[in-house]
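Structure, as structure tokens:
The values are calculated or read from the model by the stated rules, or taken from the named source; none is laboratory data. The structure presented is a predicted model; accordingly, all values stated were derived computationally and were not measured. FYI the Cβ positions are ideal-geometry reconstructions off the backbone, even for glycines, and counts take in every protein chain you see. These area figures cover heavy atoms from the full protein model, side chains too; ligands, DNA and RNA do not enter into them. Shrake-Rupley method; radii C 1.70, N 1.55, O 1.52, S 1.80 Å.
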Amino acid sequence: MSILVNKDTKLIVQGITGRDGKFHTGLMSKYGTNIVGGVSPGKEGETVEGIPVFNSVENAVKATGANTSIIFVPAAYAADAILEASEAGIQLVVAISEGVPVQDMIRITPILKQNGTLLIGPNCPGLITPGQSLVGILPAMIFKEGNIGFISRSGTLTYEVVNLLTLNDFGQTTCVGIGGDPVAGLYFIDLLERFENDPDTIAVVLIGEIGGDAEEQTAQFIHEKMTKPVVAFIAGQTAPPGKRMGHAGAIISSGSGTAEEKIAAFNRAGVPVAKEPAEIPELLRKKLAGLKK
Amino acid sequence: MKIHEYQARQIFRNYGIPVPDGILCYTVREVENAARELNCMTVVKAQVLTGGRGKSGGVKLARNVEEAVTAGKQILGMDIKGFTVEKVLVTKAADIEKEFYVGFTNDRNTKSVTLMASAEGGVEIEEVAKTNPEKIIKYPINPLTGLLDFQARNIAMQLFGNISHAQKAAAILTKLYKLYIETDATLAEINPLILTTDNEVLAIDGKMTFDDNALYRQPKILAMREPDAEELQEIAANEKGLSYIKLDGNIGCMVNGAGLAMATMDMIKLYGGSPANFLDIGGSSNPQKVIDAMNILLGDKNVKAVMINIFGGITRCDDVAKGLIKALEVLMTEIPIVVRLSGTNAAEGLALLKETGLPTVSSMSEAAQKAIELSKHK
């Protein structure tokens with residue numbers, strides 16, 4: 001089992017003829033993801049990596065029965081592309097595009113809700129269910145099938161930690177990069193709920209960072225609702241207030257959103273927080289050993 | 001992106017929000033002329049891109065021209081939290097009956113623009129939020145309808161308790177929401193919004209920040225940018241596809257990805273060192289980026305050692321290695337460099353670096369410890 005993507009995922013790529021879209025279509029396809037089509041207005045009839053291109057998501061869905069979409073279009077057009085997928089009945093949209101204006105995301109949120117569309121991102125590396133489906137730009141070689149769920153606000157830090165997990169023989173059910181923007185789709189709690197209900201996931205690793213109060217709320221949720229162990233790491237302990245650390249969402253504003261507050265909240269909820277990524281496998285081992293007693 | 005109070009007031013004016021008359025001054029002479037022209041009690045206010053101006057003595061009331069001149073002399077050139085005051089705003093002083101707070105911001109939790117309002121105006125709203133959270137009204141706005149007239153009226157009524165005052169305040173709220181949306185703001189606040197002794201409602205102080213991701217479609221806002229030296233450095237780095245923030249430490253870091261870059265800074269701190277910067281070279285593997293990044297790092301005189309931490313995904317480690325070799329040929333530095341390459345094409349990258357004799361390590365913990373050790377030599 002897994003969450004969100006698996007062998008039944010039928011993926012279309014919006015922006016398939018662009019540089020990034022084309023490149024990652026090749027990598028996802030090579031991994032075994034079932035890519036059924038691509039969208040690029042004006043290019044219907046062409047193929048990319050042997051995959052048929054359509055003028056619209058609607059056409060692609062009609063012809064292929066796609067249920068998931070990944071978006072590589074430039075930031076200025078990303079919100080439109082997300083809505084196009086939603087209106088065409090796509091159930092899960094993964095937006096890789098970086099630099100999408102916050103107002104655009106706020107404007108489309110109620111429509112996604114009304115259509116029942118799940119969104120991951122924008123500004124995210126996507127997700128992977130090892131051995132089944134890669135919907136994103138994550139480097140496939142570091143992942144391994146297993147039973148740890150993984151959620152992260154960051155990209156390369158995800159690779160760093162997943163690599164450590166894999167080296168320590170902790171394979172993964174599904175790894176999700178939720179992205180670093182202040183207003184994004186599925187967040188920690190939405191995904192923890194899914195991991196809690198996934199019979200194959202035995203524990204979750206969660207990578208947070210400074211900014212906002214999602215980690216604090218998540219800690220509360222874990223305390224009240226999670227039976228499976230969670231281990232965390234928070235990036236940005238040395239970040240100065242008022243400076244945006246690369247991600248639009250990673251900023252300490254007016255003293256709130258600091259790493260200290262987030263770590264304290266997790267500790268109160270019984271979630272161990274690693275001092276450095278290398279400590280995560282050890283904390284996970286301890287938590288799981290505790291369960292068996 | 002931040003703007004000054006005088007610029008926020010200009011935007012407010014353009015949208016019809018009442019603000020007292022004011023004149024921007026760069027010299028004491030200009031302050032004198034402004035006070036004479038306004039010909040009333042004035043307030044002289046430092047224009048710097050930081051909060052806490054009042055507490056630092058950067059806002060002073062002047063009863064006459066002489067007092068305005070004295071205030072101008074004191075404030076112009078003073079230092080507020082590391083910012084030198086280069087200009088002041090001289091405004092008409094208002095007779096305040098009561099002060100309020102109103103503001104709009106993006107709320108991550110409700111994924112909406114949220115109106116915040118409080119009858120506790122004039123003080124820092126973050127303080128009120130911490131000590132008396134019940135005194136702040138938070139109202140998420142449906143993006144499909146915007147702030148509706150009746151909603152604005154009801155919230156204003158909760159603050160003012162008098163329908164005629166509330167109607168004036170509601171008109172201001174509606175305008176503030178409109179300008180918030182139309183300028184892609186991330187914060188638009190009036191603090192204080194005041195009720196005057198003659199029953200007018202006025203915006204006395206304004207603060208606005210904007211979404212950097214939306215500046216491409218906000219040319220008028222972008223034209224208001226007044227970056228300081230540090231921000232100029234950050235903007236220059238951005239134009240090269242790098243994300244750079246200068247810090248106070250002595251270990252320069254070059255990392256791919258914002259999260260990993262933050263974690264790298266944390267590692268350096270954890271092992272007893274101090275990072276000189278945040279630097280994310282982003283996702284592509286263009287060797288030129290590595291050269292540009294090395295230029296920035298070595299341009300910081302505080303840097304005593306450099307830690308390069310790359311986890312290759314889309315970024316290919318051999319490309320980073322090539323860029324680094326080129327950079328070192330051009331830059332010829334004595335500063336010690338530690339390199340950690342992992343992930344895509346790491347073996348190829350490490351093989352290339354072998355010839356340079358740069359120390360390479362396999363984990364980021366090791367890299368941080370090695371960089372700290374090297375920074376202490378000499």
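Ranked from the most accessible area to the least, with a 1.4 Å probe and all protein chains present, what is the order of B:I245, A:I202?
Putting B:I245, A:I202 in descending order of accessible area: A:I202, B:I245.
For the stretch A:101-145, take every pair of Cα atoms, bin their distances at 5 Å starting from 0, and report each bin as a whole percent.
5, 17, 22, 16, 15, 11, 11, 3
B:S362 versus A:N59, label points 7 Å from Cα toward the beta carbon: distance in nm?
5.2 nm
Dipole of the protein assembly as shown (Lys/Arg Cβ +1, Asp/Glu Cβ -1, origin at the Cα centre): which of A:L119, A:A269, B:L115 lies farthest to the positive side?
So the residue furthest toward the plus end is A:A269.
In what sequence, largest accessible area first, do B:D211, B:D248 appear using a 1.4 Å probe?
Final ranking, largest accessible area leading: B:D248, B:D211.
Along the three principal axes, how long is the stretch A:11-120 when you take its alpha carbons, biggest first, rounded to the nearest angstrom?
Extents along the principal axes, in whole Å: 36, 28, 27.
Below 14 angstrom from the Cβ of A:N6, what's the summed charge of the other residues (Lys, Arg +1; Asp, Glu -1)?
It works out to a net charge of -1.
With Cβ to Cβ distances under 15 Å as the rule, what net charge do the other residues near B:D318 carry (K, R +1; D, E -1)?
For residues surrounding B:D318, the net value is +3.
Kindly list the residues of the stretch B:59-86 that lie in the label zone of B:M41, defined by a backbone N under 19 Å from the point 7 Å along the Cα-to-C-beta vector.
B:59-72
What angle, in degrees between 0 and 90 and rounded to the nearest 10, separates the Cα long axis of helix A:19-31 from the longest principal axis of the Cα atoms of chain A?
70 degrees
What dipole magnitude, in Debye to the nearest 20, does the stretch A:139-292 give about its Cα centre under +1 on Lys/Arg Cβ and -1 on Asp/Glu Cβ?
Approximately 220 debye in magnitude.
Could you compute how fast chain A diffuses translationally, taking Rh as the Kirkwood radius over C-alpha pairs and applying Stokes-Einstein at 25 °C with viscosity 0.890 mPa s? Give it in µm² per second.
Rounded to a whole number, D works out at 128 µm²/s.
So how much slack lies between B:K354 and B:E126, counting 0.36 nm per residue of separation and subtracting their Cα-Cα distance, in nm?
Residue separation times 0.36 nm, minus the Cα-Cα distance, leaves 76.8 nm.
On C-alpha positions alone, give me the angle between the axis of helix A:75-87 and the longest principal axis of chain A, in degrees, nearest 10.
Rounded to the nearest ten degrees, it is 80.
Rounded to the nearest 0.05, what FRET efficiency is calculated for B:D21 and A:T227 with R0 set to 41 Å and r the Cβ-Cβ distance?
Once rounded, the FRET efficiency stands at 0.05.
Net charge near A:A250: determine it from the other residues with C-beta under 11 Å of the C-beta of A:A250, scoring Lys and Arg +1 and Asp and Glu -1.
Residues near A:A250 contribute 0 overall.
Give the average, rounded to an integer, of partner chain Cβ atoms located within 10 angstrom of each Cβ in A:233-244.
6
Once R0 is set to 25 Å, what does the formula 1/(1 + (r/R0)^6) return for the Cβ-Cβ distance between B:A93 and B:T50, expressed as a FRET efficiency to the nearest 0.05?
0.60
Share of antiparallel DSSP beta bridges in the stretch A:139-292, in percent to the nearest 5?
Here the share of antiparallel DSSP bridges comes out near 5 percent.
As a test question: what accessible area, to the nearest 10 Å², does A:H223 have when a 1.4 Å probe is rolled over all protein chains in place?
120 Å²
Determine, from the Cβ-Cβ distance of B:E373 and B:T110 and an R0 of 45 Å, the FRET efficiency 1/(1 + (r/R0)^6), rounded to the nearest 0.05.
Computed FRET efficiency for B:E373 and B:T110 comes out at 0.40.
Distance in nm between label sites at A:K43 and A:L167, each 7 Å beyond Cα in the beta-carbon direction?
Between A:K43 and A:L167, the simple spin-label model gives 3.8 nm.
Along each principal axis of its Cα atoms, how long is the stretch A:139-292 end to end? Whole angstroms, biggest number first, please.
Cα spread of the stretch A:139-292 along its principal axes, largest to smallest: 43, 34, 28 Å.
Using unit Cβ charges (K, R positive; D, E negative) and no other charged atoms, how large, in debye to the nearest 20, is the dipole of the protein assembly as shown about its Cα centre?
I would put it at about 520 debye.
With everything on Cα atoms, drop me the angle between helix A:188-197 and the longest principal axis of chain A, reported from 0 to 90° to the nearest 10.
Helix A:188-197 and the main axis of chain A meet at about 90 degrees.
In terms of solvent-accessible area of protein heavy atoms at a 1.4 angstrom probe, what is the ranking of B:M1, A:M105, highest value first?
Solvent-accessible surface, decreasing: B:M1, A:M105.
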